[in-house]
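Beneath this line is the structure, given in structure tokens, with notes to follow.
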């Protein structure tokens, strides 16, 4: 059984995606769909499998659907059609309570635009995932500081996001994802704001 399996996933954005789905399945390209219906095709019949321990990279031009695909795995976006299975569980079958637990304990995510809470300090942002997991303040602060040090931000733990550069904010997002120690980490262009030397260091941290 694959760790993650995506089966024949379509995502169409617009007022009535289900009505447009047969048109896409019949082979209409995204430009044709947009011109005739005003709908945007985000994903067109995507299938893939990711195995335990595998680093899987999606490459493509801007607007090709990379972020859309990643956000289907933790169900930040629901597919128009198709299945997304994580460890054999179809995430579309999860109710709200189980979906929350799934996101808390199964996977973490580094967002392309950082996704930090502006009203929380660095250490509070890094420890947020641990907080929702139910970890006590002393434990989560200890883990958060370890990850802050790992990404080279020791001394900035009491700063707020607007006091940091873009690259530093991205490292906070990475530290937050590392802190929860989940089996699956989703990364949406997680190193795009980093200079080459820091990018190399952060990649080594992950490996």
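The values are calculated or read from the model by the stated rules, or taken from the named source; none is laboratory data. If you're wondering where the values come from, they're calculated on a predicted model, not measured in any experiment. When we count neighbours, we look across all protein chains shown, and the Cβ atoms used for this are built from the backbone with ideal geometry, even at glycine.
What to note about this one:
- Residue check for residue 100: outside the structural domain of residue 187 (by TED's automatic domain parsing) and more than 30 Å from residue 131 (Cα to Cα): no
- For the range 1-50, filtering for residues that are within 17 Å of residue 68 (Cα to Cα), in contact (Cβ under 8 Å) with a residue 60 or more places away in the chain and not in a helix (DSSP H, G or I) leaves 9.
Listed here are the residues, each with its yes/no results for (1) without any contact (Cβ under 8 Å) to a residue 12 or more places away in the chain; (2) farther than 26 Å from residue 21 by Cα.
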position	(1), (2)
69	no, no
90	yes, no
113	yes, yes
116	no, yes
125	no, yes
129	no, yes
153	no, yes
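- Scanning the range 141-150 for residues that are surrounded by fewer than 22 Cβ atoms within 10 Å (Cβ to Cβ) and touching a helix residue (DSSP H, G or I) at 6+ places or on another chain (Cβ under 6 Å), we see that the one that is modelled with the highest pLDDT is 143.
- Residues of the range 37-56 classified as over 27 Å from residue 183 (Cβ atoms) and in contact with a helix residue (DSSP H, G or I) (Cβ under 8 Å, 6 or more places away or on another chain), total: 6
- Residue ID - nearest to the chain's Cα centre (by Cα), chosen from residues in the range 83-122 that are under 24 Å from residue 155 (Cβ atoms) and part of a loop (DSSP other than H, G, I, E, B): 115
- Scanning the range 103-112 for residues that are surrounded by fewer than 19 Cβ atoms within 10 Å (Cβ to Cβ) and either within 22 Å of residue 134 (Cβ to Cβ) or out of contact with any helix residue (DSSP H, G or I) (no Cβ under 9 Å at 6 or more places or on another chain) (or both) turns up 104, 105, 106, 107.
- Restricting the range 158-182 to residues that are in contact with a strand residue (DSSP E or B) (Cβ under 6 Å, 6 or more places away or on another chain) and not in a helix (DSSP H, G or I), the residue that is surrounded by the most Cβ atoms within 10 Å (Cβ to Cβ): 180
- Residues in the range 156-177 that are farther than 22 Å from residue 187 by Cβ and either at pLDDT 95 or above or touching a helix residue (DSSP H, G or I) at 6+ places or on another chain (Cβ under 8 Å) (or both): 5 in all.
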